[in-house]
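Worksheet: the structure to be examined is printed underneath.
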Amino acid sequence: MRSNTIPAVGLCTALLFLGCSQDRHRDQQNAARTGTAATAADERPAPFDKGPVKIALVQYSGAGDYFQQWTAGARQQAEAVGFSMQLYDARADDARQAADMKTAIESRVAGIIVDHGRSSTMCPLINQATDAGIAVVVYDVKVVDCASKAIETAQNDADLATLVLTQMAKDIGDGVPVGYVNPFVIAPLERRDVVWKKFVADHKWDQQFAVGTFSHAVAADNAQLAARALKSHPGVKAVFAPYDELTKGTVTAIEQNKLSSKVAAYGIDISDADIELMTKKDSPWKATATTDPGAVGAAVTRTLALQLAGQLGSRQVVFPGILVTQSFLLQEQIKNMDDLRAKLPELNLANVASAAWIR
């Protein structure tokens with residue numbers, strides 16, 4: 001690929017401190033590619049051979065461009081595979097997500113997808129579901145130690161953070177003042193924080209501030225926090241905000257303080273709105289590491305289908321990501337996600353958690 005676009009697995013050899021293993025990730029993905037190639041597309045296995053299969057999608061929050069794309073991908077794949085999906089959105093409310101999960105369990109669905117959430121809240125309910133014979137696939141919820149019967153899916157958060165922070169280090173160098181926007185409340189943000197701490201130490205960055213909140217208006221709420229932090233720490237050269245709604249808030253804060261020529265922003269995830277922000281004149285958003293959210297939502301849904309059919313073959317499925325820089329977007333004249341998918345076919349996850357009978 002072009003030098004501006006780095007496959008996530010390409011960094012593994014150099015990043016032993018993360019325990020990153022290309023072979024391990026390939027094994028996890030290959031395990032999720034079911035060995036049912038001999039199954040004809042029109043020979044659906046049980047329970048899909050008897051009409052629509054009832055499932056639920058229980059989300060911590062569906063707000064923001066990333067989650068909207070993710071949910072659209074999940075719903076489109078659900079329709080294609082033969083699911084009847086009931087959607088619940090807790091709007092970043094723990095108690096509401098717990099209530100939604102209880103409702104889903106009581107509705108006697110065959111399977112549940114849990115999209116984000118706090119382990120302490122969701123694990124007891126996930127165990128209740130699996131004990132009742134309901135298949136549960138989680139996305140970006142830490143359940144290995146507390147809900148072992150659930151299937152865990154996730155982006156490769158260590159690689160995503162490493163990709164974009166490597167670019168940040170290349171751009172700003174060592175020993176400079178930096179800022180950080182991270183509310184830590186969901187599993188991927190905690191995993192990305194581990195990598196951030198390592199980069200801060202290795203590059204002797206001077207972290208001037210750490211702010212962050214997770215709400216149903218993440219970008220707007222974090223824009224206010226980041227704006228105040230930047231005013232109080234005028235020497236900051238770059239800010240890492242490891243989720244695109246956080247990055248959008250950070251970009252707004254930088255622009256409000258008229259610091260676009262002095263402070264760079266680095267994020268994770270991408271959308272049409274993100275691409276527009278990154279490519280506009282004098283944008284401080286220099287790079288992001290990402291998967292295709294729609295492709296991930298679809299792959300998580302296929303994972304549940306394979307689990308219900310008894311064809312998954314793995315307890316964990318990991319989705320690799322890539323680096324996308326502002327300069328790459330400008331050079332390739334990329335305006336939206338369709339343009340990006342055309343230029344970067346590695347964003348397509350159609351071969352992850354797939355089978356001949358799944359359209």
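The values are calculated or read from the model by the stated rules, or taken from the named source; none is laboratory data. These figures come from a predicted structure and were not determined experimentally. So basically every Cβ, Gly included, is an ideal-geometry build from the backbone, and we count neighbours across all protein chains shown. For accessibility, only protein heavy atoms count, side chains too; no ligands or nucleic acids. Shrake-Rupley method; radii C 1.70, N 1.55, O 1.52, S 1.80 Å.
Please work out if Val318 is within 18 Å of His116 (Cβ to Cβ) and open to solvent by 10 Å² or more (accessible area, probe 1.4 Å). Answer is yes for this residue.
Of all residues in the stretch 295-316, those that are at pLDDT below 95 and outside any loop (DSSP other than H, G, I, E, B) total 1. Scanning the stretch 259-277 for residues that are part of a helix (DSSP H, G or I), open to solvent by 40 Å² or more (accessible area, probe 1.4 Å) and farther than 23 Å from Ala226 by Cβ turns up nothing.
Quick check, is Ala210 hydrophobic (A, V, I, L, M, F, W, C), outside any helix (DSSP H, G or I) and open to solvent by 50 Å² or more (accessible area, probe 1.4 Å)? Let's see the steps before the verdict.
Working: hydrophobic (A, V, I, L, M, F, W, C): yes; outside any helix (DSSP H, G or I): yes; open to solvent by 50 Å² or more (accessible area, probe 1.4 Å): yes.
In short, yes.
Among (1) touching a residue at least 60 places away in the same chain (Cβ under 8 Å); (2) assigned to a loop (DSSP other than H, G, I, E, B); (3) closer than 23 Å to Ala187 by Cα; (4) not aromatic (Phe, Trp, Tyr), there is one condition Glu43 misses while meeting the rest; what is its number? Only one criterion in (1) touching a residue at least 60 places away in the same chain (Cβ under 8 Å); (2) assigned to a loop (DSSP other than H, G, I, E, B); (3) closer than 23 Å to Ala187 by Cα; (4) not aromatic (Phe, Trp, Tyr) is unmet by Glu43, namely (3). Pairing residues of the stretch 331-346 that are over 21 Å from Gln68 (Cβ atoms) with residues that are part of a helix (DSSP H, G or I), at Cβ distances under 8 Å and at least 6 apart in sequence or on separate chains, gives Glu332/Asp339; Glu332/Lys343; Gln333/Asp339. In this structure, is Ala223 touching a residue at least 60 places away in the same chain (Cβ under 8 Å) and among the hydrophobic types (A, V, I, L, M, F, W, C)? So Ala223 does not fit the description; no.
State whether the residues of the stretch 245-257 include one that is assigned to a loop (DSSP other than H, G, I, E, B) and in contact with an Asp or Glu (Cβ under 9 Å, 6 or more places away or on another chain).
If we filter the stretch 245-257 for residues that are assigned to a loop (DSSP other than H, G, I, E, B), which is where we start, we get 257.
Adding the requirement that they be in contact with an Asp or Glu (Cβ under 9 Å, 6 or more places away or on another chain) leaves none.
No - not one qualifying residue is present in the stretch 245-257.
Taking Pro234, is it out of contact with any Cys (no Cβ under 9 Å at 6 or more places or on another chain) and outside any helix (DSSP H, G or I)? Here the answer is yes, as Pro234 does meet what is asked.
Evaluated against (1) open to solvent by less than 40 Å² (accessible area, probe 1.4 Å); (2) farther than 15 Å from His216 by Cβ, Asp115 falls short on exactly one condition, (2). I want to confirm something. Restricting to the stretch 118-146 and keeping residues that are in contact with a Ser or Thr (Cβ under 7 Å, 6 or more places away or on another chain) and open to solvent by 10 Å² or more (accessible area, probe 1.4 Å), which single residue is farthest from Ala305 (Cα to Cα)? For the stretch 118-146, the residue satisfying everything is Cys146.
Just checking, which of Lys198, Lys248, Lys237, Lys286 is closer than 11 Å to Val181 by Cβ, among the charged types (D, E, K, R) and in contact with a helix residue (DSSP H, G or I) (Cβ under 8 Å, 6 or more places away or on another chain)?
Numbers: Lys198 fails: closer than 11 Å to Val181 by Cβ; Lys237 fails: closer than 11 Å to Val181 by Cβ; Lys286 fails: closer than 11 Å to Val181 by Cβ.
Criteria check complete, one pass: Lys248.
Checked against the criterion of being touching a Leu at 6+ places or on another chain (Cβ under 9 Å) and under 19 Å from Asp140 (Cα atoms), the candidates Val236, Val263, Val296, Val251 yield just one match: Val296. Which residues, counting only those in the stretch 63-85, are open to solvent by 20 Å² or more (accessible area, probe 1.4 Å) and within 9 Å of Ala295 (Cα to Cα)? Matches in the stretch 63-85: Gln69 only. Selection over the stretch 333-359 of residues that are closer than 12 Å to Ile322 by Cα, in a loop (DSSP other than H, G, I, E, B) and of a type in the set (A, V, I, L, M) gives a count of 1. Of all residues in the stretch 296-315, which are open to solvent by 10 Å² or more (accessible area, probe 1.4 Å), in contact with a helix residue (DSSP H, G or I) (Cβ under 7 Å, 6 or more places away or on another chain) and of a type outside the set (Gly, Ala, Ser)? Result: Arg302, single match.
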